[in-house]
Amino acid sequence: MNIQDIKAIVTGGSSGIGLEIAKQLIEKGAQVMITGRDESKLKNAASLIGAHYAVADASKEAQVIAAFEQAKSIMKGYNVLVNNAAYGAFGLLKDQDTKIFEQLLATNVTGAMIAGREAAKHFIENNFGNIVNISSTAGNAGFAGGTAYVASKFALKGMTECWRAELRKSNIRVMLVNPSEVQTPFYQALGGERPFNATKLEASEIAHLVLAMLTMRDVGFITEATVFATNPQ
């Protein structure tokens with residue numbers, strides 16, 4: 001895909017991986033709308049990188065639908081969805097809070113489905129499109145304390161495979177990206193303040209991969225890719 005032809009929606013685009021993907025796309029000539037639930041943060045991010053923005057909590061169906069309709073109006077359609085909105089909550093099984101568990105799934109799983117569904121409708125109409133689901137290595141292997149987050153990422157992997165099977169006949173590429181530990185605000189939230197570590201991944205590495213996947217010629221696509229730090233210290 002020619003990067004200058006990209007019109008992308010990036011959910012969870014006001015910080016971290018989503019913001020860096022949007023930034024790199026725009027720097028190379030794409031149009032991008034970022035979404036998120038914090039209007040002030042979203043507005044500042046959009047101004048910084050030259051993106052369009054729409055306020056939408058990923059777990060609120062009506063807000064997501066309205067944002068995607070807004071993207072169609074502002075950008076005269078869209079052909080890429082980067083399904084990035086997600087957050088983490090961690091704790092041992094014996095300490096799981098049902099409300100917290102359900103809220104996380106509402107964003108990380110149901111929210112991803114709503115965004116994917118709305119994009120699929122538009123892409124099927126146009127017989128073309130790209131969905132990039134930002135997952136995690138937590139979608140490949142569980143770990144102690146990861147019940148809620150790992151469940152959400154295993155679910156996203158499964159949904160990705162279902163969507164791919166459904167949408168290939170409509171020239172829609174569905175791709176999955178599995179970052180390992182990335183130094184972003186999400187990373188900081190896992191353990192409070194952490195010093196920057198030059199041997200660990202940054203959002204720029206994940207954005208580099210997403211752009212490479214999107215710009216492959218449309219006759220093929222990379223179904224799934226995982227990014228590890230080479231030698232984290």
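The values are calculated or read from the model by the stated rules, or taken from the named source; none is laboratory data. Bear in mind that the values here come from a model prediction, so they are computed numbers and not experimental data. Glycine also receives a Cβ, built like all others from the backbone with ideal geometry; neighbour counts cover every protein chain displayed.
Six or more apart or on different chains, Cβ atoms under 7 Å: show the pairs whose first residue is in the range 32-44 and under 7 Å from V55 (Cα atoms) and whose second is part of a helix (DSSP H, G or I).
T35/A67; G36/L42
Name the residue that is surrounded by the fewest Cβ atoms within 10 Å (Cβ to Cβ), counting only residues in the range 212-229 that are closer than 16 Å to I6 by Cα and either at pLDDT below 95 or under 15 Å from the mean Cα position of the chain (by Cα) (or both).
Among those that are closer than 16 Å to I6 by Cα and either at pLDDT below 95 or under 15 Å from the mean Cα position of the chain (by Cα) (or both), it is M213.
Residues in the range 153-170: is at least one within 21 Å of F68 (Cα to Cα), among the polar types (S, T, N, Q) and not in a loop (DSSP other than H, G, I, E, B)?
Yes - at least one qualifying residue is present in the range 153-170.
With respect to G146, is the statement that it is buried (at least 17 other Cβ atoms within 10 Å of the Cβ), small (G, A, S) and over 21 Å from V82 (Cβ atoms) true?
yes
Among what's in the range 76-133 and is part of a helix (DSSP H, G or I) and polar (S, T, N, Q), pick the residue that is surrounded by the fewest Cβ atoms within 10 Å (Cβ to Cβ).
Filtering the range 76-133 for residues that are part of a helix (DSSP H, G or I) and polar (S, T, N, Q), the one surrounded by the fewest Cβ atoms within 10 Å (Cβ to Cβ) comes out as T98.
Taking the condition of being under 19 Å from the mean Cα position of the chain (by Cα) and over 16 Å from D95 (Cα atoms), how many residues in the range 140-150 meet it?
1
Of the residues Y78, Y53, which is in contact with a strand residue (DSSP E or B) (Cβ under 9 Å, 6 or more places away or on another chain), among the hydroxyl-bearing types (S, T, Y), more than 25 Å from L167 (Cα to Cα) and modelled with pLDDT of 95 or more?
Selected residue: Y53, the only one of Y78, Y53 that is in contact with a strand residue (DSSP E or B) (Cβ under 9 Å, 6 or more places away or on another chain), among the hydroxyl-bearing types (S, T, Y), more than 25 Å from L167 (Cα to Cα) and modelled with pLDDT of 95 or more.
I'm trying to understand the selection: among the residues of the range 33-74, which are more than 22 Å from N108 (Cβ to Cβ) and either small (G, A, S) or crowded, with 17+ Cβ neighbours inside 10 Å (or both)? Show your work before the answer.
First pass over the range 33-74, keeping only residues more than 22 Å from N108 (Cβ to Cβ): 40, 43-44, 46-52, 69-70, 72-74.
Listed by number, the residues that qualify are S40, A46, S47, I49, G50, A51, H52, Q70, S73.
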